[in-house]
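The values are calculated or read from the model by the stated rules, or taken from the named source; none is laboratory data. None of these values were measured; they are calculated from a predicted model. Ideal geometry is used to build each Cβ from the backbone, glycine not excepted, and the neighbour counts take in all protein chains shown. Surface accessibility is based on the protein's heavy atoms, side chains included, excluding ligands, DNA and RNA. Shrake-Rupley method; radii C 1.70, N 1.55, O 1.52, S 1.80 Å.
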Amino acid sequence: MALNKGMMTSKSQEWETPWEFFNKIDKEFHFTLDACANRKNKKCNNYFNKYQDGLKQKWTGVVWVNPPYGREVIKWVRKAYISSKHGVTVVCLVKAATDTQWWFKYCSHGTVYFITGRLTFISGREISNSPFPSALVIFGKKYNDTGIVRYMGRI
C-alpha cells in the first residue's frame, strides 16, 4: 500500500516501464531514443537522463517517453507534441488523466490507446501496481489529429 501512495504523491519519479510491455510496443515502433530515463531503467541504448534533461534536448527518430507522473508531465507531453510537428514520432506512456488540462491540450491531438488493467511498475527494488489507469499517446505525422482511440488488451 505504501508503494502506491509513493506513486500517487510522486515520492519517486523513476518508475521503470515493464520490459514485457515495452517490448510489445517496440515491435511496432522500433524506438531509437528513450527521452526520459536513467542508466538502470533505459529502454534504448540512446537515452537522456535527468542531468542531460530530455526537455532541453532535440528529439529525433522514434522516441519512447515514460515521463514523471507529477506536475512535470505537462512539459513532457508538450515537448512530445511539438517534436511531432517536426517529423518525430513520439510514444508517451502516461496516466489516463482525461480530466486534466494537459490531456485536453495535447493528448487529444494524438492517437490514444487506453490500456486495459493496471501496469506494474518498478522503482529500484520496489514493485507496485499502478493506482491509476494508463494510456499510450502517440504523436507523429500519421498519428496526430486522427481521432483514433483504441483499447489495448491486458499486457
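Descriptive notes on the structure:
- All of (1) within 14 Å of the chain's Cα centre (by Cα); (2) open to solvent by 50 Å² or more (accessible area, probe 1.4 Å) hold for Asn46 with one exception: (1).
- Just one of the listed residues (Asp53, Asp145) is within 24 Å of Trp19 (Cα to Cα) and either open to solvent by less than 70 Å² (accessible area, probe 1.4 Å) or in contact (Cβ under 8 Å) with a residue 24 or more places away in the chain (or both), namely Asp53.
- If you go through segment 67-87 and keep only what is open to solvent by less than 60 Å² (accessible area, probe 1.4 Å) and either out of contact with any strand residue (DSSP E or B) (no Cβ under 7 Å at 6 or more places or on another chain) or under 23 Å from Trp19 (Cα atoms) (or both), you end up with Pro67, Pro68, Tyr69, Gly70, Val73, Ile74, Trp76, Val77, Lys79, Ala80.
- Residue within segment 107-122 that is open to solvent by 10 Å² or more (accessible area, probe 1.4 Å), in a loop (DSSP other than H, G, I, E, B), out of contact with any Gly (no Cβ under 7 Å at 6 or more places or on another chain) and more than 20 Å from Asn23 (Cα to Cα) present: no
- Qualifying residue in segment 56-68 (condition: modelled with pLDDT under 90 and over 20 Å from Lys142 (Cα atoms)): yes
- Counting the residues of segment 112-126 that are at pLDDT below 80 and not polar (S, T, N, Q) gives 5.
- Between Trp64, Trp59, the distinction of being in contact with a helix residue (DSSP H, G or I) (Cβ under 9 Å, 6 or more places away or on another chain), under 20 Å from Trp15 (Cα atoms) and surrounded by 14 or more Cβ atoms within 10 Å (Cβ to Cβ) belongs to Trp64 only.
- Pair list, Cβ < 7 Å and 6+ apart or interchain, from segment 104-119 residues that are closer than 20 Å to Tyr81 by Cβ and free of Cβ contacts under 8 Å to residues at least 40 places away in the same chain to residues that are part of a loop (DSSP other than H, G, I, E, B) and among the hydrophobic types (A, V, I, L, M, F, W, C): Thr111/Ile148; Phe114/Ala96
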